[in-house]
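The values are calculated or read from the model by the stated rules, or taken from the named source; none is laboratory data. The structure displayed is predicted, hence computed values, not measured ones. Cβ: placed from backbone, ideal geometry, glycine included. Neighbour counts: every protein chain shown.
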Amino acid sequence: MTDQIERTTEATFESLDPRTGAVLATYPVANSAEVEAVVARARSAARWWDAQGFAGRRRWLLEYKSAIARDAADLAAVIAAETGKPSEDSLLEVMLGVEHLDWSARNAATTLRQRKVGSGLLAINQKAYVGYRPFGVVGVIGPWNYPLYTPMGSIAYALAAGNTVVFKPSELTPGVGVWLAEKWASLACPHPVFQTVTGDGSTGTALVESGVDKIAFTGSTATAKKVMATCATTLTPLIAECGGKDAMLVDSDADIGAAVEFATFGAMGNAGQTCAGVERIYVAAPVYDRFVSEFTTAVKALRPGGTTTSSYGPMTMARQSEIVRGQIEDALARGGKAVVGGLDSLHGPYIDPVILTEVPEESTAITEETFGPTVVVNKVRDLDEGIERANASKYGLGASVFTGDTAAGRRAAEKLDCGMVTVNSVLGFAGVPALPFGGTGDSGFGRIHGADGLREFSTVKSLTVQSFAAPVNLLTMRRKARNMKLSVLALKLRHGRG
Ligand code: NAD
């Protein structure tokens, strides 16, 4: 938490290394008064930040980006320590975060600069413009699974759009949030444009109630509902980036080797703790057996653990293991089969890879987010049945389609009810800064990343400037009957034919 704020309680919490349980550091649990003080500082900085204009903000943000990139290894070490993920994965996360910071800084002006629009026949005497203004102060609440990449999708885009930001990182990864705020402070920016407050859900609630002008929340669907209820009391706008149950569809003409490679990464990477990771795989009947056999071989070669060479790390949040266990139990009880691993794959904070097949669609392994290295592979007749099953979920974050015919893949993408689709890869959308990121249904609403992500952190300002008196003025209390007649005639000529 910013050291400019006087503490009013002594409450603290510890961040732990999930690989060992060792205490990494102790952080304050910011209470309402402290959060309000931080938000007040952010508000005082908002006017200055807005006045920097697009060019000024771009300079600051690119400087920030460079400072992060120079210290990438240091930040990656904090990510690895707090999440337990291998250092290469942590570095990859820093690379992605930096790309987004760069893109948002460079593209804010072209996206948000005031632009002229056609004024139409009725208002021919007006010049019309659309502009985008910052909200003021944006509160960002983040999760632990990608503690840099995920919140950076809000922080960078909100800052580039001219807002100041108060960030509440997950209580499992406070060090990443503090690192980011300290790095910003090291730029010698004269105002507290970006600050971090640490704490648990109570600090998150305090941020939502603090009078910020918008909340960007990333986390579970259940918490998003609570956040939305709190936002409703003050009509505070909200972006909700929540959980997923992403499906991968494998068509009969797909490159099975490539599909297996991506499925292994998409389902097991980061121990399955990826919001848009692969959790369900629907494979067309003609290639089902081959896919399962090759996938089984690939997954069996993975080694979870706490070393730099491990395939993936531990469950960052210990109690998530119980959810994974419950889903495996439910799938097996309903007649599903474990072709790799099973209940004995869970040991300590680690879970060995699990592949379940022939799992009934009503099983929780299909209906609920798993967030572990466990995946279901079910047989479908063809791509259409795969789409139908993928769409049966209450979640709608991402999906992937593997096919030999990319045109068919694009047609399938159109039919999938979700926010993001990738053809012949997984998570392809996450690394393209120009592509909006977000979902539908229980996966939330609103978009981060891309031009839409910049607009998400802006309020729209419409403007007309009258350039000459209207030849036929209808906006008067002394409207002339002749003008009305002419207008009705024009209405019929323009819209009443055909
Ligand atoms: P979570 O919902 O438990 O917590 C998220 C954040 O909300 C934390 O910072 C927490 O302290 C805070 N919080 C908790 N209660 C709160 C309250 N009442 N008011 C305000 N804030 C509160 O989620 P998590 O376990 O940290 O993250 C995992 C979830 O995040 C998964 O469901 C995952 O799919 C999702 N996720 C989604 C995306 C996406 O972009 N869609 C990205 C990453 C993670």
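Quick notes on this structure:
- Every pair of residues 6+ apart whose Cβ atoms lie under 6 Å, when the first sits in segment 130-156 and is over 11 Å from residue 216 (Cβ atoms) while the second is near the ligand (Cβ under 10 Å from one of its atoms) and of a type in the set (A, V, I, L, M, F, W, C): 144/172
- Residues satisfying the stated conditions in segment 388-403, i.e. in a strand (DSSP E or B), within 14 Å of the ligand (Cβ to nearest atom) and either of a type outside the set (Gly, Ala, Ser) or not assigned by TED's automatic domain parsing to the domain that holds residue 267 (or both): 395
- Considered as a group, the residues in segment 201-228 that are among the aliphatic types (A, V, I, L, M) and near the ligand (Cβ under 9 Å from one of its atoms) include one that is nearest to residue 448 (Cα to Cα), and that residue is 215.
- Residue within segment 286-298 that is β-branched (Val, Ile, Thr) and within 16 Å of the ligand (Cβ to nearest atom) present: no
- Filtered by the rule that a residue be touching a Pro at 6+ places or on another chain (Cβ under 7 Å), closer than 27 Å to residue 455 by Cβ and within 16 Å of the ligand (Cβ to nearest atom), segment 156-175 gives 167, 169, 170.
- With respect to the conditions (1) within 11 Å of the ligand (Cβ to nearest atom); (2) hydroxyl-bearing (Ser, Thr, Tyr); (3) within 19 Å of residue 146 (Cα to Cα), residue 196 falls short on a single one, namely (1).
- The condition (being part of a helix (DSSP H, G or I) and free of Cβ contacts under 8 Å to residues at least 24 places away in the same chain) is satisfied by just one residue among 75, 62, 92, 101: 92.
- Hey, residue 29 modelled with pLDDT of 95 or more, over 30 Å from residue 228 (Cβ atoms), surrounded by 16 or more Cβ atoms within 10 Å (Cβ to Cβ) and within 25 Å of the chain's Cα centre (by Cα) or not: no
- Pairs are defined by a Cβ separation below 7 Å, a sequence spacing of at least 6 or placement on different chains, a first member in segment 216-239 that is farther than 13 Å from residue 439 by Cα and outside any helix (DSSP H, G or I), and a second member that is near the ligand (Cβ under 7 Å from one of its atoms) and aromatic (Phe, Trp, Tyr); the pairs so defined are 238/217.
- Unique residue being over 27 Å from residue 429 (Cα atoms) and buried (at least 24 other Cβ atoms within 10 Å of the Cβ) when the list is 165, 193: 193
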